[in-house]
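Below is one structure, written out as structure tokens; comments come after it.
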Amino acid sequence: MNPLKQIRAYWIWVIFVFVALVLISFNAGKRRSWTPVEQVVIELTAPVQKFIRKSSETVEKAWLKYFSFVDLREENTRLEKERDDLRMQNDLYRELASTHARLRELLQVKESLRSPMAAAQVIGRDPTGWFEAILIDKGTHAGLRLNMPVVDARGVIGRVVAVSPNYSKVLLIIDQNSAVDCLIQRTREKGILKGLPSQRTRLHYVSRAADVAVGDKIVTSGLDRIYPKGLPVGEVTEIVDTPWEFFKDVRVKPSADFSKLEEVLVLLKEDPLSSPSQRTK
Amino acid sequence: MLSLVYILLKGSVVNDLTPLFFDIDLVIVITASLLIRSGSAGAAIFAFGQGMLIDLLSAGFLGFFALLYVISFLCLELGARFFDLASVQGQFILVGLVVFIKELVLVGLLDVFAFEVVLSASLFFWFAASAFFTGLIAPLISSILKTVQIRTGGESKEAL
């Protein structure tokens, strides 16, 4: 390199350092705004800086968006699965709550009746559709015997008509083969409740002079020796009083909902219809 | 086995899903199928056995449905003299007819046993619908059973 040029470069460097030091010395401890020249420079350069900044932001956003889209699909799948799981759990909790409520009602019945009982689950219904019976998951091993009354939280369901070691068949009170000796709770008038087609029942042998009204509660009389006295059976819904008939035609809506039977209680009492010798066996 | 499963399903699911008097009668379909392939004795035993099973599960009198299905078997046996049970049309007509007759006999028997049955147009409509649809599926079930029989027969021969 030429020595003259080297000296010139040296001096330029010294001058700039000196100017910078002077500027620092003059401006140290002072706050001042841009000078007009500085402002022009800023006005010219700032838009470019702004553009660069915006561009870099856009690129950055686009890049992040791309990645978030990739993640979004996975996130969506995960959330959908989570939602399905939660729904299933929710259904399970609802079912448990419903079962809990039913069992609590049954427990109240059990406590109010103060009689040994066995809780059983309904596992099947009469396959023919013409008769009304249910199968329950308790049999002789659980102490069940023939003609034991079966109830639920709402009232009388029926009686046991067949037993095996682990299962039993219950004839429902809405079956036409069934008969329950009953009382009209308000007036103590007697009658026999029998099933009719389509899950309805009729209270037979209620005399024309009997005091019976729509809405009257029907309870068991205990006279048939199968059902304990005072169990709710149903409510009178219709009365037909035909002049040439001996008895009133009293239609009763059963207390129990036979289309929704799930758990029942079997009252563990001796079969009143068996002979004493059979009972001792 | 198919009929047994169907009877158990009827007591738990099917009756809740279908109208009260609508009854696809697989027992009669399988009895007809057995009548073609295994002869009268096998079909009669099957019909009686399935009837007894229904009696055990239902609140009716023991032997009620056994009698009903034996009567149905006799109708099939007699009908087979007039209709070709091996043909699709014959199966459809005869099985449908026997299901309809079975429903009528059922109502008659219930009346004999002092059951109150409300005879209405809708009841006969459901009887006819049951007969029609049972007749309709009869050839299908029959061919499935035939295939199963051939395969299991083949397998047992191979095993021997």
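When the charge dipole of segment A:54-110 is built from unit charges on Cβ atoms (+1 for Lys and Arg, -1 for Asp and Glu) and taken about the Cα centre, the candidate among A:LEU64, A:SER98, A:MET88 whose Cα reaches farthest toward its positive end is A:SER98. For the set A:MET88, B:MET52, the ranking by accessible area, highest first and with no ligand, DNA or RNA atoms included, is A:MET88, B:MET52 under a 1.4 Å probe.
Roughly how many debye, to the nearest 20, is the charge dipole of the protein assembly as shown about its Cα centre, given +1 on each Lys and Arg Cβ, -1 on each Asp and Glu Cβ, and no other charges?
1940 debye
Nonpolar atom fraction for segment A:123-252, defined as the carbon and sulfur part of the 1.4 Å probe accessible area, stands at 51 percent.
Rounded to whole Å, give me the distance from the Cα center of segment B:62-116 to that of segment A:130-176. Each part reduced to its Cα centre gives a spacing of 31 Å. With kT/(6 pi eta Rh) evaluated at 20 °C and eta = 1.002 mPa s, and Rh the Kirkwood radius from Cα pairs, segment A:100-182 diffuses with a coefficient of 162 µm²/s according to Stokes-Einstein.
With θ taken as phi - 60° and the Karplus curve 6.51 cos²θ - 1.76 cosθ + 1.60 applied, the whole-hertz 3J(HN,Hα) list for segment B:52-63 is 5, 4, 4, 4, 5, 8, 9, 8, x, 6, 5, x Hz, x standing for glycine and proline.
Quick one: Debye curve from the alpha-carbon atoms of segment A:59-143 only, equal weights, vacuum; give me log10 I(q)/I(0) at q = 0.15, 0.16 Å⁻¹ to two decimals. With no solvent term, the Cα-only Debye profile gives -0.84, -0.90. According to the Kirkwood relation over distinct C-alpha pairs, the hydrodynamic radius of segment A:168-219 is 11.6 Å. Magnitude of the charge dipole for segment A:21-110, about its Cα centre and with charges confined to Cβ atoms of Lys, Arg (+1) and Asp, Glu (-1), is about 400 debye. Please identify which residues in segment A:180-205 have an amide N closer than 16 Å to a label point set 7 Å out from the Cα of B:VAL118, following the Cα→Cβ vector. Backbone N within reach: A:195-203.
Once a ≥ b ≥ c are taken as the square roots of the eigenvalues of the Cα gyration tensor of segment B:32-135, is the result rounded (a/c under 1.5), prolate (a/b larger than b/c) or oblate (a/b not larger than b/c)? Oblate, because a/c is 1.5 or more while a/b does not exceed b/c. Using only the Cα atoms of segment B:100-141, build the gyration tensor, take square roots of its eigenvalues as a ≥ b ≥ c, and label the shape rounded, prolate or oblate: rounded if a/c is under 1.5, else prolate if a/b is larger than b/c, else oblate. The shape class here is oblate. Between B:SER143 and A:LEU96, the C-beta separation translates, for a Förster distance of 56 Å, into a calculated FRET efficiency of about 0.80.
Close amide H pairs (under 5 Å, H built 1.01 Å from N) link A:GLU263 with A:VAL122, residues at least 5 positions away or on another chain. The residue list A:VAL151, A:VAL214, A:GLN39 was ranked by how far each Cα lies along the charge dipole of chain A toward its positive end, using unit charges on Cβ atoms, and A:GLN39 comes out on top. Listed values for segment A:99-113 are Karplus-derived 3J(HN,Hα) couplings in whole Hz (6.51 cos²θ - 1.76 cosθ + 1.60, θ = phi - 60°), namely 4, 4, 4, 5, 5, 5, 4, 4, 5, 4, 4, 4, 5, 6, 7, and x replaces Gly and Pro. Restricting the calculation to Cα atoms, every distinct pair contributes to the Kirkwood radius of chain A, found to be 26.5 Å.
Buried surface between chains A and B: roughly 1900 Å² of accessible area, summed over both sides, computed with a 1.4 Å probe on protein heavy atoms only. For segment A:97-141, a decrease in accessible area of 20 Å² or greater in the assembled protein chains relative to the isolated chain, with a 1.4 Å probe, applies to A:ARG125, A:ASP126, A:PRO127, A:THR128, A:GLY129, A:TRP130, A:PHE131, A:LEU135.
Mean projected area of the convex hull spanned by the Cα atoms of segment A:171-281, taken over all viewing directions: 8.2 nm².
Karplus-based coupling profile of segment B:72-83, in residue order and whole Hz: 4, 4, 4, 4, 5, 4, 5, x, 5, 6, 9, 10, with θ = phi - 60° in 6.51 cos²θ - 1.76 cosθ + 1.60 and x standing for Gly or Pro.
Sum -39500 (n - 2.57) across every DSSP H segment of at least 4 residues in chain A, then divide by the residue count to get the 222 nm mean residue ellipticity, nearest 500.
Details: 3 runs with 108 residues, N = 281.
One gets -14000 deg cm²/dmol as the mean residue ellipticity at 222 nm.
For segment A:141-173, the residues whose backbone nitrogen is under 12 Å from a point 7 Å from the Cα of A:SER112, taken along Cα to Cβ, are A:152-156. Per residue, segment A:218-264 exposes an accessible area of 52 Å² to a 1.4 Å probe, with every protein chain left in place. Amide H contacts for A:ASP126 (H built 1.01 Å from N in the peptide plane; partners 5 or more residues away or on another chain; cut-off under 5 Å): A:ALA133.
The values are calculated or read from the model by the stated rules, or taken from the named source; none is laboratory data. Just so you know, these numbers come straight off a predicted model, no measurement behind them. Virtual Cβ from ideal backbone geometry, glycine too; neighbours counted across all protein chains shown. Accessible surface areas use protein heavy atoms only, side chains included; no ligands, DNA or RNA. Shrake-Rupley method; radii C 1.70, N 1.55, O 1.52, S 1.80 Å.
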